[in-house]
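All remarks here apply to the structure that follows.
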Amino acid sequence: APDISVANVQAHQARLQTIANQNGGNRAHGRPGFRASIDFVQGQLNAAGYTTRLVQFTSNGATGWDLIADWPGGDGNNILMSGSHLDSVNAGPGINDNGSGSAALLEIALTVSRMNVHPQRHLRFGWWGAEELGLVGSTFYVNNLARTERAKIKGYLNFDMLGSPNPGYFVYDSAGQPTGSTTLQHALEAHFTALGVPTELISVGGRSDHAAFARAGIPTGGLFTGAEVIKTAAQAQKWGGTSGVAFDRCYHRSCDTSTNVNVTALDRMVDAVADAIWSLSGVPVAAH
Ligand code: PHE
Ligand code: CA
Ligand code: ZN
Ligand code: ZN
Ligand code: ZN
């Protein structure tokens, strides 16, 4: 798989930061910064040749949207979907949670376009609304798919918080979720194995959008660099960083800004995502 440019991922995060700055300091559901975030990502994808659509829903008396992007081609009956929530909490700009996953997925989608890859499987990307209100957007999307359409999605990869400033390298535990998939888990671990960076399995339960897909019986996996939980001494030993401090001490706070990102972690994570998407979707070798 290609080496994804972390500088480009950071540039997308900077755009999200600017959007928050111009819209009252956040990108939350029901606030103008969320809609501006959707418009930014959709504009980039349209220019890159994606077929995009918005899925509109209502939550808490406000309109929200999911952005769905399809890369033309591949087996439409065998879809690999990847997603990240694009909304922040009201308290801040949400540049790690989840500007990091959103920007990483955008750069991967743009790399697919630049390289003009044609995987065997159909690639679909989703940017979810109102995750912070309880997985509202992803649940709406899954629940409103026709049963035949739902059955075409053979796997879902979730990316929520990929650049935590005091990072851990967590892979969703296939044994710790109802539709956990060892195939997806192993594909997400491959890049870390190659780098010699240890990972830990984590049970994320219902804490992010993969849970909406799991409830529909779709195999799921994901990556995570940690939120409010405190890094242990053993974790600091193997990963560096600071023990006794949260993985992200700005989690859900106003200080979750462009400076609240560990670039090394973000780079490893986005490259691991690309490895997984390339291998799982069956990009022809000649395209590498
Ligand atoms: N979904 C949580 C949030 O957005 C973050 C999280 C992701 C927590 C994955 C645990 C596991 O606040
Ligand atoms: Ca890279
Ligand atoms: Zn959050
Ligand atoms: Zn999140
Ligand atoms: Zn790799």
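All of the numbers you see were taken from the coordinates with simple rules; none came from a lab. Model, not experiment: these values are computed from the prediction. Don't worry about glycine lacking a Cβ; one is built from the backbone with ideal geometry, like all the others, and counts go over all protein chains shown.
What value in Å³ per residue do you get for the convex hull of the alpha-carbon atoms in the range 1-53?
Spelled out: Cα convex hull of the range 1-53, divided by residues, is 98 Å³.
Counting Lys and Arg as +1 and Asp and Glu as -1, what is the net charge of the other residues whose Cβ lies under 11 Å from the Cβ of VAL6?
Charge balance in the 11 Å sphere: -3.
Filter the GluC sites (Glu not before Pro) in the range 137-232 to those in DSSP coil with at most 12 other Cβ atoms within 10 Å of their Cβ, and list the result.
GLU228
Only helical DSSP H runs with n ≥ 4 go in: add -39500 (n - 2.57) per run for the chain, normalise by residue count and round the 222 nm mean residue ellipticity to 500 deg cm²/dmol. Kindly include the intermediate steps, with their values, before the conclusion.
Values: 9 runs with 109 residues, N = 288.
The per-residue figure over the chain is -12000 deg cm²/dmol.
Aspartates and glutamates within cross-link reach of LYS152: Cα-Cα under 13 Å, excluding same-chain residues under 8 positions apart?
ASP75
Check each of the GluC sites (Glu not before Pro) in the range 42-142 and keep only those in coil by DSSP with at most 10 other C-beta atoms within 10 angstrom; list them in order. If you can, show how the numbers build up before the last one.
Working: sites: GLU107, GLU131, GLU132; in loops: none.
Filter output for the range 42-142: empty list.
Beyond 21 Å, what percent of the Cα pairs of the range 1-114 remain?
Value for the range 1-114 (Cα pairs over 21 Å): 36 percent.
If you project the alpha carbons of the range 69-221 onto their three principal axes, what span does each projection cover, largest first, in Å?
Projected onto the principal axes, the Cα atoms of the range 69-221 cover 41, 37, 34 Å.
Can you put THR18, THR52, THR148 in order, fewest other beta carbons within 10 Å first?
THR148, THR18, THR52
Please provide three numbers in whole Å: the alpha-carbon extents of the chain along the principal axes, with the largest listed first.
47, 45, 35
So for the range 155-288, considering every pair of alpha-carbon atoms, how many percent are separated by more than 16 Å?
Of the Cα pairs, 63 percent sit more than 16 Å apart.
What is the order of HIS210, HIS118, fewest Cβ neighbours within 10 Å to most?
Values: HIS210 29, HIS118 17.
In order of increasing Cβ crowding within 10 Å: HIS118, HIS210.
Give me the percent relative contact order of the range 25-77, please, defined on Cα pairs under 8 angstrom at least 6 residues apart. Let's see the in-between values first.
Details: 54 pairs, mean separation 16.1, N = 53.
Answer for the range 25-77 is 30 percent.
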